[in-house]
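Peer 1: Submitted below is the structure of interest, expressed as structure tokens.
The values are calculated or read from the model by the stated rules, or taken from the named source; none is laboratory data. Note that the coordinates shown come from a computational prediction; the quantities given were computed from them, not determined experimentally. Cβ coordinates were reconstructed from backbone atoms using ideal geometry, including for glycine residues, and neighbour counts include every protein chain displayed.
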């Protein structure tokens, strides 16, 4: 039986691509992958979808009262499985308040907060997400959400929701900063419910796709 030996594949059409084959046989189940320049290599195909492959959640571990912008740092957060499941690697936050993502990808950041004032009219109070693409040297506003209060007798509560998608192209360069904000008068972002200790201000991080 005749055999043809070659290290390249070429289409017969003029100007068609030429592909250079790998020098090894590869392993069982592997497939050929091109680098876009005609070089082929053996790769193992993914066995699972990266959609929602990582999910992490954190919560405020203390009530925080602020007037003006305030950066949340590692001392203000706790990570727990008691109120939502954790899947895959964890987020991390340092003493400067810089969050690091465990993998690259498109990430959904969701915040559910409860804000309180006492007999005070408040123009607005909210949460700000800031993004760095240079490892934390500088940050730009990405998204924010605010609520407001009318002056009523006694303690007043308002929920605050925020959802944003961030493209994390590098786990070294892309950082997240979370700030809370209260204008004119102070507002309190609540941590645990007095009755059962469950968190009232929560932060969810979910990888939804590859970048």
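Peer 1: Give the residue that is modelled with the lowest pLDDT, with candidates limited to residues of segment 152-175 that are closer than 23 Å to residue 65 by Cα and surrounded by 12 or more Cβ atoms within 10 Å (Cβ to Cβ). Break it down stepwise before answering.
Peer 2: Here is the first cut: in segment 152-175, the residues closer than 23 Å to residue 65 by Cα are 152-163.
Of the ones still in play, those that are also surrounded by 12 or more Cβ atoms within 10 Å (Cβ to Cβ) are 152, 156-158, 160, 162-163.
Values: 152: 81, 156: 88, 157: 90, 158: 90, 160: 93, 162: 95, 163: 95.
Only one residue fits best here, namely 152.
Peer 1: Right, something else. When segment 36-50 is examined, which residues are found to be in contact with a strand residue (DSSP E or B) (Cβ under 6 Å, 6 or more places away or on another chain), surrounded by 12 or more Cβ atoms within 10 Å (Cβ to Cβ) and at pLDDT below 85?
Peer 2: The one that is in contact with a strand residue (DSSP E or B) (Cβ under 6 Å, 6 or more places away or on another chain), surrounded by 12 or more Cβ atoms within 10 Å (Cβ to Cβ) and at pLDDT below 85: 38.
Conditions tested, residue by residue: (1) assigned by TED's automatic domain parsing to the domain that holds residue 144; (2) in a loop (DSSP other than H, G, I, E, B); (3) closer than 12 Å to residue 178 by Cα.
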{"site": "65", "(1), (2), (3)": "yes, no, no"}
{"site": "68", "(1), (2), (3)": "yes, no, no"}
{"site": "75", "(1), (2), (3)": "yes, no, no"}
{"site": "90", "(1), (2), (3)": "yes, yes, no"}
{"site": "96", "(1), (2), (3)": "yes, yes, yes"}
{"site": "99", "(1), (2), (3)": "yes, no, yes"}
{"site": "102", "(1), (2), (3)": "yes, yes, no"}
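Peer 1: Moving on to the next point. Any idea which residue in segment 184-199 is modelled with the lowest pLDDT, counting only those that are within 15 Å of residue 65 (Cα to Cα) and surrounded by fewer than 17 Cβ atoms within 10 Å (Cβ to Cβ)? Write out each step before concluding.
Peer 2: Looking only at segment 184-199, we keep the residues that are within 15 Å of residue 65 (Cα to Cα), and these are 184-192.
Now restrict to residues that are surrounded by fewer than 17 Cβ atoms within 10 Å (Cβ to Cβ): 184-186.
Numbers: 184: 60, 185: 66, 186: 77.
Looking at the filtered set, the residue picked out is 184.
Peer 1: Taking segment 91-132, which residues are exposed (fewer than 13 other Cβ atoms within 10 Å of the Cβ) and touching a residue at least 24 places away in the same chain (Cβ under 8 Å)? Write out each step before concluding.
Peer 2: Step one: list which residues in segment 91-132 are exposed (fewer than 13 other Cβ atoms within 10 Å of the Cβ), which gives 94-96, 119, 123.
Answer for segment 91-132, where residues must be exposed (fewer than 13 other Cβ atoms within 10 Å of the Cβ) and touching a residue at least 24 places away in the same chain (Cβ under 8 Å): 96, 119, 123.
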